[in-house]
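Input: a single structure, listed below in C-alpha cells.
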Amino acid sequence: MSIKQKKLIIGVSGATGINYALCVLQALREVSIETHLVVTKPADMTIICESAVEPHALRKLASFVYPINDIGASIASGSFKTDGMLVIPCSMRSLAEIATGVTTNLLTRAADVCLKERRRVVLAVRETPLHAGHLKNMLAATEMGAVIAPPVPAFYTKPTSIDEIVNHTVGRLLDLFDIETDLVKRWIGRPRSHQ
C-alpha cells in the first residue's frame, strides 16, 4: 500500500502580504507537499509592489499553476481530491465571493469546491479596520466550514525580524492542515519558580 502524498491548493489574492504566500510555497516545497497554485491579477501587482521577486518566481515554487480564468482546471472539480485550500493573503473581495458562493474566477471556484466537498479551507484574510460587511462575510464563510485565520504576529516568540514573524505565522497556518514544519516556535509555558 502506497502512502498518499498531500495535495494543497494555494490561492493568492491581491491583498497585502505577499511574503506570506512566498513563505508558504517555499515551506511546502521543503516538506514535499504537492501544491496547486492560482494567482489573481491584483496579486501579480502586489508581488511587484511588495517584494523583490517577479510574479513568475512565485509560480516556480508551485508544483502546478493554473490561469485565474481556467474554470475547466482540475481544481475546479470536486472529483479532483485534495487536502484542502489555503488562500494567502485573502482579499475582502475573494472572501466575499467564497462566503456567498458567487464565484468569478478559479481561485474562488476552487475554494467553493473544497467547501462543498467538506475539505479544509483556510482564509488568511488581510484588512483592517473591518466593517460589518467584512465581519458578516467572515461569519458566513465560517458557517460553511472555512477557517478564518488572519496573519496575526505572535510576539511571545520575541521575533527579531520580519522573516521570523512571517515564518511563525505560516507555520501556524500549516498546522491547520496537520503539516509539520520547523517554522513554529512552540509555546512551552512560562518557567515556574520553586517556592
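Here are a few things to note about the model shown:
- Heavy atoms of residue 51: accessible area, 1.4 Å probe, square angstrom to 10: 30 Å²
- Calculated from backbone phi, Karplus (6.51, -1.76, 1.60) coupling profile of the stretch 163-173 in Hz, x at Gly/Pro: 4, 5, 5, 4, 4, 4, 4, 4, x, 5, 5
- Local charge for residue 183 was computed over the other residues whose Cβ lies under 15 Å away, with Lys and Arg +1 and Asp and Glu -1, and equals -3.
- For the chain, the Cα gyration tensor yields ellipsoid semi-axes of 27, 20, 18 Å (square root of five times each eigenvalue, largest first, whole Å).
- The solvent-accessible area of residue 68, taken with every protein chain present and a 1.4 Å probe, is close to 20 Å².
- When all protein chains stay in place and ligands, DNA and RNA are ignored, the 1.4 Å accessible-area order of 119, 190, 172, largest first, is 190, 172, 119.
- Loop trypsin sites (Lys or Arg not before Pro), the stretch 1-65 (other Cβ atoms within 10 Å of the site Cβ: 12 or fewer; DSSP): 4
- Pairs beyond 30 Å (Cα-Cα), from 7/41; 4/116; 41/136; 41/185; 41/116; 60/185: 41/185
- Given the chain, longest segment not containing exposed loop chymotrypsin sites (Phe, Trp or Tyr not before Pro) (DSSP; at most 15 other Cβ within 10 Å): 81-186
- Positive end of the dipole of the stretch 120-181 (Cβ unit charges, origin at the Cα centre): among 128, 161, 148, the Cα lying farthest that way belongs to 128.
- Across every pair of non-identical alpha carbons in the stretch 87-187, the mean reciprocal distance, once inverted, gives a Kirkwood radius of 14.4 Å.
- Given +1 at the Cβ of Lys and Arg, -1 at the Cβ of Asp and Glu and no other charges, the dipole of the chain around its Cα centre is 420 debye to the nearest 20.
- Simple label model, 7 Å out from Cα along Cβ direction - residue 186 to residue 32, nm: 2.2 nm
The values are calculated or read from the model by the stated rules, or taken from the named source; none is laboratory data. Owing to the predicted nature of the structure, the values given are computational and were not obtained by experimental measurement. Ideal geometry is used to build each Cβ from the backbone, glycine not excepted, and the neighbour counts take in all protein chains shown. Protein only, heavy atoms only, side chains kept; ligands, DNA and RNA dropped before computing areas. Shrake-Rupley method; radii C 1.70, N 1.55, O 1.52, S 1.80 Å.
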